[in-house]
Every structure is written in C-alpha cells, then in structure tokens.
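The structure appears right after this line, and notes come after that.
The values are calculated or read from the model by the stated rules, or taken from the named source; none is laboratory data. Predicted model only: the values in this text are computed from it and were never measured. Don't worry about glycine lacking a Cβ; one is built from the backbone with ideal geometry, like all the others, and counts go over all protein chains shown.
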C-alpha cells in the first residue's frame, strides 16, 4: 500500500537506490562483463556520455536507481522480515528489467531487444540492486522515521 512519506525518507530512499547502483548493480555488471556474458556496450562504471545532457552513464543509472528506490519504497515500507528482503529483490528482478526491455527502447525510438538474451541478465543485475538497496536502507535506518512511512516496522 502506498503512503505519503516524509521528505527525509524519500531523500534517503533515493540515496540508497543510487548508491546501490554504484556498488551492487555495477559490481554485478563488472562480474558478468569479466565473464564475457554482457552484450557489447554494457561496460561497468561507464563514463560514456548519455544523451541528451551528456551525463556519464553510471551517474544516469544511479539517478534512475534512486527514482526506482523512491517508487518501490512507497510499496515496501511496511514489509517486515523476509518479506522486506524478498520484496526488494523480486521487484528489482522483475519490474526494472521489464521496463528496461519493453518501455525504455520504444521511448528512445529503438526496437525492443531480444528478451531471451537480456531478461536473465537484467533480472540478475537488478535483483542485486534491489537486495543492495534493501541492505543500504536497513543500514541507514533513517528512512521513514516516525514522521514518515514507519520504517522501523519494515526494517526488521
């Protein structure tokens, strides 16, 4: 169930999601890249400029990771115990790849990529992003204090 969270909890969720991209998501990309499993053009921690603003790719990904964390936090703030960890991991593994495959390319005027090749990779990478975000947010314990979404419940 969605809630209206405090500005502090939203900023913390954003920071947790962005940091998770830098640490967990990109480490997964690096591991898969080192195993020659990633498609061409998916280098870890890439500083290649992303149109239209020319922002380095890794910072663009971190920004979107922060926005995804804010969105998912709205639905996972009351989850406790295993549901908290599984919620972040599964939603990361499912929601993010589906948007990356079926929504982003058409918005950019590109065809939808081969799902068979990319979905397993994207699911693995984004599951680690979700798990990493959950770990970071739990570690911070600042998201949704008593004035926010009630994280103390969901951080078990």
Regarding residue 116, is this residue part of a loop (DSSP other than H, G, I, E, B) and over 19 Å from residue 24 (Cα atoms)?
no
Does the range 27-34 contain any residue that is within 17 Å of the chain's Cα centre (by Cα), more than 26 Å from residue 109 (Cα to Cα), assigned to a helix (DSSP H, G or I) and touching a residue at least 60 places away in the same chain (Cβ under 8 Å)?
yes
Please list, ordered by first then second residue, the pairs with beta carbon atoms under 8 Å, 6 or more apart or interchain, first in the range 90-104 and assigned to a helix (DSSP H, G or I), second exposed (fewer than 15 other Cβ atoms within 10 Å of the Cβ).
91/75; 101/112; 101/115; 102/112
Among the residues of the range 18-41, is any modelled with pLDDT under 95, over 19 Å from residue 127 (Cα atoms) and crowded, with 17+ Cβ neighbours inside 10 Å?
no
Tell me which residues, restricted to the range 46-89, are in a loop (DSSP other than H, G, I, E, B) and either surrounded by fewer than 15 Cβ atoms within 10 Å (Cβ to Cβ) or within 15 Å of the chain's Cα centre (by Cα) (or both).
47, 48, 51, 52, 53, 54, 80
By residue number, the members of the range 49-64 that are in contact with a helix residue (DSSP H, G or I) (Cβ under 7 Å, 6 or more places away or on another chain) and modelled with pLDDT of 95 or more are 58, 61, 62, 63
Checking residue 45 against (1) farther than 30 Å from residue 5 by Cα; (2) touching a residue at least 60 places away in the same chain (Cβ under 8 Å); (3) touching a helix residue (DSSP H, G or I) at 6+ places or on another chain (Cβ under 7 Å), the condition it does not meet
(2)
Report whether or not residue 95 is at pLDDT 95 or above and either within 18 Å of residue 135 (Cβ to Cβ) or surrounded by 17 or more Cβ atoms within 10 Å (Cβ to Cβ) (or both).
no
Being in contact with a helix residue (DSSP H, G or I) (Cβ under 9 Å, 6 or more places away or on another chain), free of Cβ contacts under 8 Å to residues at least 60 places away in the same chain and in a loop (DSSP other than H, G, I, E, B): is that true of residue 38 here?
no
Checking the structure you have, find out if any residue of the range 118-137 is closer than 16 Å to residue 18 by Cα and out of contact with any helix residue (DSSP H, G or I) (no Cβ under 7 Å at 6 or more places or on another chain).
yes
